[in-house]
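To keep things clear, I will list the structure first and then write my remarks on it.
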There are 2 protein chains.
Amino acid sequence: MFLKRILLGSPLKTAQAAHERLSKRLALAVFSSDALSSVAYATEEILLVLILVGAAALSYSIPVSIAIVLLLTVLTLSYQQIIYEYPAGGGAYTVSKANLGIWPGLIAAAALMIDYVLTVAVSVAAGVAALTSAVPELLPHRVVIGLATIILVLLVNLRGVRESGKFFATPTYIFIGSLFFMLGMGAMRIMSGQPAEAVVCQPVVAETTEALTLFVLLRAFSSGCTALTGVEVISNGVSAFRKPEPRNASITMASMAIILGAMFIGISAMAHHLHITPCADETVVSQIARATFGTGFMYYLIQISTMLILFLAANSAYNGFPRLASLLAKDSYMPHQMALMGDRLVFSNGIVFLGGFSCFLIWFFDGDTHALIPLYAVGVFLSFTLSQAGMVKRWLAKKGPHWRKKLAINGIGAVATAIATVIIGSTKFMHGAWIVVALLPLIILWFRSIHAHYEAVDEQITLERDHRPPQPRKNTIIVPISGVNRAVIRALDYARGRSADIRAVLVNIEPEQSAKIEMQWAQWGCGVQLVVLPSPYRSVLVTLLDYIEDTLEKDPQGWVTVVIPEILPARWWQNILHNQRALMLKGALLFKDRVVLTDVPFHLER
Amino acid sequence: MFLKRILLGSPLKTAQAAHERLSKRLALAVFSSDALSSVAYATEEILLVLILVGAAALSYSIPVSIAIVLLLTVLTLSYQQIIYEYPAGGGAYTVSKANLGIWPGLIAAAALMIDYVLTVAVSVAAGVAALTSAVPELLPHRVVIGLATIILVLLVNLRGVRESGKFFATPTYIFIGSLFFMLGMGAMRIMSGQPAEAVVCQPVVAETTEALTLFVLLRAFSSGCTALTGVEVISNGVSAFRKPEPRNASITMASMAIILGAMFIGISAMAHHLHITPCADETVVSQIARATFGTGFMYYLIQISTMLILFLAANSAYNGFPRLASLLAKDSYMPHQMALMGDRLVFSNGIVFLGGFSCFLIWFFDGDTHALIPLYAVGVFLSFTLSQAGMVKRWLAKKGPHWRKKLAINGIGAVATAIATVIIGSTKFMHGAWIVVALLPLIILWFRSIHAHYEAVDEQITLERDHRPPQPRKNTIIVPISGVNRAVIRALDYARGRSADIRAVLVNIEPEQSAKIEMQWAQWGCGVQLVVLPSPYRSVLVTLLDYIEDTLEKDPQGWVTVVIPEILPARWWQNILHNQRALMLKGALLFKDRVVLTDVPFHLER
């Protein structure tokens, strides 16, 4: 508990929850980092597809990037409408469930869950890549660095959302500022005709392997679509904004889209002008920064702030995932404890869950961004599509002012994201998207089975109309003993007066010992009956269980309370020296109906 | 439980224990395999030391072997006297503790514990070496084979001692028979002047590195002394023999010593006559067998029976170790559960303990016999010495008929084993014996700290003369609820009538929900008071704990019983979906004095 306080800070009151609301400036840092940080790898992923055709094909990155920015515009307009319609938080799960029904809702939820985990994994992997581009010596340790980062972000998040915002605002704005400075400097250099410094590195692909087909262009588009992952995050967190929440969230979303679009197009254009090809051990952004500034202060600032915003992106998933998990838990599709608030106003269980799975991915894919990317965008775009489709259905049903315009915007959004989903799913199916396609039904099955269980439980524990609690029933108290000592007398002291029928029970393993105990009992037993049980099998446990079973059979209505005198040591490791039998007894009795276990503690002082 | 029955068989009655006694023939298989199997590696270990001086020095193996057989004779005579004096089982711990005091007893016990573990590890490693000599393809898998063997022997032993005896009698006698057949055939071949087939193998040592000094001869002697490990096992298990136990045990011991001495001298002589040098991937016994029979049926019979008797030796430690552990547990030097008999008349806990540590050694030393040997004999000879010294002191104190003769025998035994212990400890100190020397005090410290704890506990729980149990004290029953359902009503049904002061307690997290519960309570609460607690921190746990603390403070004498309505799912994995709060509550309350935890189960049917 003490360690928990140091690591996580003091608990916060519910009344403080309102003060936890975020200003637009902080909200941009917390909720937009996922989207903004995508520029660190999106252009590179496009180039990685095109280079398979040859260096000449790299110029296609410009039209591909423009197509993606157009898609961004459609998405932003669509999501702004969702923000106004669902000010309490309009995640894909909420919107799909409300308008399309529970199955689309669960599909969206499953897709989102996968993608939150992937956001953490991809962002941390890419952040570590930014670091190892600047410090190649760290390349062999990228998995360890990645795992350490995830655990660090996890701890920060267990502290609560506002502190995360403050903690991360500075690096976000440094990232935005320094990246725009780099793009500006680069543009000036190009216009003034200064030559770029050559970056020498090992090319990631040795020779041309494919022809330039529509499929390759679509694959490049799919890879670039990772730039759009995270744009929906704001719509999940509207309730975290200051009042008026929808307006502030909508403005923040527009700002984010403009910054994201400008940075993405800028990086793609710069990479094209500098004739940059993807390298095995240096990122494209690192190459651009080195070509622009040389390996000096500004270069390192770019790399460090890129790394930090990517870690921020991971952090952003820690805001969204637990919220989704708690929504699902409230609807009984996830374990109910996911809905329990920790004492730092956060959903602690979900945070730990997310961190664990991301660590697994980093470890499994060896911390390699490119290996993780094909799994990434398909879930995001599936949830985009379901959200927009839900909104289309909403406008058709609800109508209201300007509904035709709103329907058109969400309709275009739905069609565009549906097409993108199909493109991403098909062009990347073999490269990893199949894993997501295979996982989706499994996760939904899991949701359903949890739901079915809770429904069955509710049915079983609901009080029927005609049910009236019966009068108190007979209670037989059994105190198993293996000697006469203060712990036993204390348990007896507790049991006396609770029931007319109390029996101390001794299993006769060694007759001499038993005779001695019977004599002591005459003196100390307070008149309570001592039952000595023969034990042909020398198993204390089996003999006791048989006796309890017999007692239950004799009174088919009554309770049997087993009062266990439990010696509790002063130090935890001493537990191995005590209570082994009590533990086994408890384990065995847990499954008996009408048997009530009662522990009477006797605390040792040393 | 069902799986346990299949693997371990049905439980046995105490009355059956007498029938578990072993005939001499079976006892030889169970208790002598440790000693007899040593011939599989003892000669080889002598040669491995001498070869460092050069091939010419190998002939010194004969006098070294004769010295060891003389020591065997002394030991056997000494131990026969122990058998008659301690028919209940005269292990080194018992004899040393009774005659020399608790400290020598604990030293002997610690030494024996180390050696039981090493017996398993060394025997299994050597058994696997016998296998890989015949089937070299298995050499890379020796660690896995070793671990699998230990686990197999462990399961066999959890089934009980007699079945082990029957199971293993056949291979023991095949080993003895086939080895004597090999020695006889070899002797005839040599006398008839037939040339031995040459065995080609990679020599274990490339060149001569040492001069022939007394130290080298003593080291060879030390290595050969591993042949004597296990001769004491019979004296630990006298009580397992049929009546008259001491006589049967003594006769069995003599038979074993004669068989052991003959085989050991025979193998050393044969190795000498065949000019055998130790190989890296084939054992000396395998070389002799191949030279005698060629690679045919008899060769494989020798190898398989050697392997099996070595695994039997491991099994023999499974008989001795748990008996020692239970003796120590009865004296409170080991956790008391070590003295609990499992339901197959064996000491299950000790068996699992032994198997675990042996697996560790096999894994740590890569399954290499030669690496384990230097750790082996020092502990055995230390316990020999303490036993014999104890007997010397016993004769001096007790006297009795022929005591001078008996004193002389044990005296010679004590001096001889003391000298051997010093030789083994010093010549092998650097090669691994230091580990044992370092471990001994740690184990003894561990024994003492367990003992000190149990003594402190006894002192704390002993009933003082003037202590009289007080009259029953007030009991406040608290039933924490989070809703009104059948599980809660069932707990209430149990609690009613047990105390005048019952309170259902609800922590107010969501006011609407709480209001609804209060309304339901009016209908179903059976007139029991419902306390609604405000929770500024939204932590159910903290709020409940504070309330319980308050209640305790208000009545500094009384009990507080926390009755927890516990929903028990039909399937174990469903537990993750329930009772998370109950579990945390129980964990937090465990350390509060005067708080009694009571679980009222509500069993779900699906």
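The values are calculated or read from the model by the stated rules, or taken from the named source; none is laboratory data. Small disclaimer: the values here were computed from a predicted structure and weren't measured. Reconstructed Cβ throughout: ideal geometry from the backbone, glycine too, with neighbour counts over all protein chains shown. Just so you know, the surface numbers come from the protein's heavy atoms only, side chains and all, with ligands and any DNA or RNA stripped out. Shrake-Rupley method; radii C 1.70, N 1.55, O 1.52, S 1.80 Å.
A few comments on the model shown:
- Residues considered: B:ILE509, B:ILE502. Of these, the only one that is over 20 Å from B:THR598 (Cβ atoms) and touching a residue at least 24 places away in the same chain (Cβ under 8 Å) is B:ILE509.
- Exclusive hit being within 14 Å of another protein chain (Cβ to nearest Cβ), over 30 Å from A:THR598 (Cβ atoms), out of contact with any His (no Cβ under 7 Å at 6 or more places or on another chain) and open to solvent by 40 Å² or more (accessible area, probe 1.4 Å), set B:SER449, B:SER482: B:SER449
- Of all residues making up the stretch A:523-546, the number that are farther than 20 Å from A:PHE591 by Cβ, more than 11 Å from chain B (Cβ to nearest Cβ) and either in contact (Cβ under 8 Å) with a residue 60 or more places away in the chain or polar (S, T, N, Q) (or both): 1
- Single condition A:GLY411 does not satisfy, out of (1) of a type outside the set (Phe, Trp, Tyr); (2) at pLDDT 85 or above; (3) in a loop (DSSP other than H, G, I, E, B): (3)
Let's see how each residue does on (1) open to solvent by less than 40 Å² (accessible area, probe 1.4 Å); (2) at pLDDT 80 or above; (3) aliphatic (A, V, I, L, M):
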residue	(1), (2), (3)
A:VAL531	yes, yes, yes
A:ASP550	no, yes, no
A:VAL560	yes, yes, yes
A:ILE564	yes, yes, yes
A:GLN574	yes, no, no
A:HIS578	yes, no, no
A:ARG581	no, no, no
A:VAL595	yes, yes, yes
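- Residue match in the stretch A:306-316 (condition: more than 14 Å from every other protein chain (Cβ to nearest Cβ), farther than 30 Å from B:GLN513 by Cα and surrounded by fewer than 19 Cβ atoms within 10 Å (Cβ to Cβ)): no
- Residues of the stretch A:533-548 that turn out to be open to solvent by less than 40 Å² (accessible area, probe 1.4 Å), more than 23 Å from A:TYR494 (Cβ to Cβ) and modelled with pLDDT of 85 or more, as a count: 1
- The stretch B:547-606, residues that are assigned to a loop (DSSP other than H, G, I, E, B), facing chain A (nearest Cβ under 7 Å) and of a type in the set (D, E, K, R): B:ASP593, B:GLU605, B:ARG606
- Residue check for B:LYS516: closer than 22 Å to A:SER332 by Cβ, open to solvent by 40 Å² or more (accessible area, probe 1.4 Å) and more than 9 Å from chain A (Cβ to nearest Cβ): yes
- Answer from B:ALA522, B:ALA504 - the residue that is modelled with pLDDT under 90 and either among the small types (Gly, Ala, Ser) or in a helix (DSSP H, G or I) (or both): B:ALA522
- Unique residue being out of contact with any Ser or Thr (no Cβ under 9 Å at 6 or more places or on another chain), modelled with pLDDT of 90 or more and assigned to a helix (DSSP H, G or I) when the list is A:PHE381, A:PHE360: A:PHE360
- B:ARG490 vs. criteria on the phi > 0 side of the Ramachandran plot, within 10 Å of another protein chain (Cβ to nearest Cβ) and in contact with a strand residue (DSSP E or B) (Cβ under 8 Å, 6 or more places away or on another chain): no
- In a residue-by-residue description of the stretch A:254-277, the property of being touching an Asp or Glu at 6+ places or on another chain (Cβ under 6 Å), crowded, with 22+ Cβ neighbours inside 10 Å and either touching a residue at least 60 places away in the same chain (Cβ under 8 Å) or farther than 24 Å from A:VAL128 by Cα (or both) applies to no position.
- Qualifying residue in the stretch B:299-317 (condition: aromatic (Phe, Trp, Tyr), in contact with a Lys or Arg (Cβ under 7 Å, 6 or more places away or on another chain) and part of a helix (DSSP H, G or I)): yes
- Filtered by the rule that a residue be touching a Pro at 6+ places or on another chain (Cβ under 6 Å) and either within 20 Å of B:LEU260 (Cβ to Cβ) or of a type in the set (Phe, Trp, Tyr) (or both), the stretch B:208-246 gives a lone residue, B:VAL238.
- Scanning the stretch B:224-280 for residues that are among the aromatic types (Phe, Trp, Tyr) and over 19 Å from B:VAL39 (Cβ atoms) yields one hit, B:PHE241.
- Selection from the stretch A:403-432 of residues that are of a type in the set (A, V, I, L, M) and buried (at least 22 other Cβ atoms within 10 Å of the Cβ): A:ALA414, A:ALA420, A:ILE424
- Number of residues in the stretch A:387-402 that are surrounded by 24 or more Cβ atoms within 10 Å (Cβ to Cβ) and more than 23 Å from A:ALA42 (Cβ to Cβ): the value is 2.
- Residue in the stretch A:326-340 that is nearest to the other protein chains (Cβ to nearest Cβ), counting only those that are touching a residue at least 24 places away in the same chain (Cβ under 8 Å) and open to solvent by 10 Å² or more (accessible area, probe 1.4 Å): A:PRO335
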